[in-house]
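These notes are about the structure you will find just below.
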Amino acid sequence: MATSNAVAGFLARRRVALVGVSRDPQDFSRGVYRELLARGYDLVPVNPALSEVEGRACYPRVQDVTPPVEAALVMTPPRATDTVVRDCAEAGVRSVWLHRGGGQGAVSPEAVAFCREHGMEVIPGACPYMFLSGAGAFHRFHGFVLRLLGKLPA
């Protein structure tokens, strides 16, 4: 489990890749994308199937992003996550959040182990909404329940 310091450290970074942003404007990943942009993050979309997302250039891989990002929020299926964390390591990204709202999300044991073995700070699960002030009652409640269950940092 990640520490609250890891979450705060990740959210303090301003230039962040959102890897796995969807083609579908109604997808949850696009909501996260818009919310982080609205909060002043310099968010960079990463998806090999897209050339732009809502007016911003979209990159096929993290190591293609210029200038480089400080962190990566990964919202891919677990089968793609292992490749993404390797891409992050190659690009020099040292802080990775493997999104999980419900179900497995982007988390894979192999990806978490790779990050830790390579000195990368990893947040294996949860959703940034749970830690953003004013993100809404549903997200705060979801975060509260997961904290009670010991599945989120205090």
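The values are calculated or read from the model by the stated rules, or taken from the named source; none is laboratory data. Every value quoted in this text rests on a predicted model; they were computed, and no experiment measured them. Here Cβ is always computed from backbone atoms with ideal geometry, including for glycine, and neighbour counts include all displayed protein chains. The protein model used for the area step is the full one, side chains on, heavy atoms only, and it has no ligands, DNA or RNA in it. Shrake-Rupley method; radii C 1.70, N 1.55, O 1.52, S 1.80 Å.
Being of a type in the set (A, V, I, L, M) and surrounded by 15 or more Cβ atoms within 10 Å (Cβ to Cβ) is the filter here; which residues of segment 1-36 pass it? Reasoning before the result, please.
So the first thing to find is which residues in segment 1-36 are of a type in the set (A, V, I, L, M), and the list is 1-2, 6-8, 11-12, 16-19, 21, 32, 36.
Selection gives 2, 6, 7, 11, 16, 17, 18, 19, 21, 32, 36.
Any chance segment 86-101 includes a residue that's within 16 Å of residue 120 (Cα to Cα), crowded, with 20+ Cβ neighbours inside 10 Å and among the aromatic types (Phe, Trp, Tyr)?
yes
Considering each of 106, 72 in turn, give the residue that is at pLDDT below 95, open to solvent by less than 10 Å² (accessible area, probe 1.4 Å) and not in a helix (DSSP H, G or I).
Working: 72 fails: at pLDDT below 95.
Going through 106, 72 in turn, just one is at pLDDT below 95, open to solvent by less than 10 Å² (accessible area, probe 1.4 Å) and not in a helix (DSSP H, G or I): 106.
Between 117, 121, which is at pLDDT 80 or above, loosely packed, with under 12 Cβ neighbours inside 10 Å and either within 18 Å of residue 17 (Cα to Cα) or over 13 Å from the mean Cα position of the chain (by Cα) (or both)?
Among 117, 121, only 117 is at pLDDT 80 or above, loosely packed, with under 12 Cβ neighbours inside 10 Å and either within 18 Å of residue 17 (Cα to Cα) or over 13 Å from the mean Cα position of the chain (by Cα) (or both).
Just one of (1) open to solvent by less than 60 Å² (accessible area, probe 1.4 Å); (2) farther than 13 Å from residue 22 by Cα; (3) at pLDDT 95 or above; (4) under 14 Å from the mean Cα position of the chain (by Cα) trips up residue 47, so point out which.
It is condition (2) that residue 47 fails.
Using the structure shown, decide if residue 63 is polar (S, T, N, Q), out of contact with any Phe, Trp or Tyr (no Cβ under 9 Å at 6 or more places or on another chain) and without any contact (Cβ under 8 Å) to a residue 24 or more places away in the chain.
On the way: polar (S, T, N, Q): yes; out of contact with any Phe, Trp or Tyr (no Cβ under 9 Å at 6 or more places or on another chain): yes; without any contact (Cβ under 8 Å) to a residue 24 or more places away in the chain: no.
No: the conditions fail for residue 63.
Yes or no: residue 115 in contact with a Leu (Cβ under 9 Å, 6 or more places away or on another chain), part of a helix (DSSP H, G or I) and not hydroxyl-bearing (Ser, Thr, Tyr)?
Spelling it out, residue 115 is indeed in contact with a Leu (Cβ under 9 Å, 6 or more places away or on another chain), part of a helix (DSSP H, G or I) and not hydroxyl-bearing (Ser, Thr, Tyr).
Sort out which residues of segment 101-116 are in contact (Cβ under 8 Å) with a residue 12 or more places away in the chain and out of contact with any strand residue (DSSP E or B) (no Cβ under 6 Å at 6 or more places or on another chain), and write them in order of number.
The answer is 101, 104, 105, 108, 110, 111, 114.
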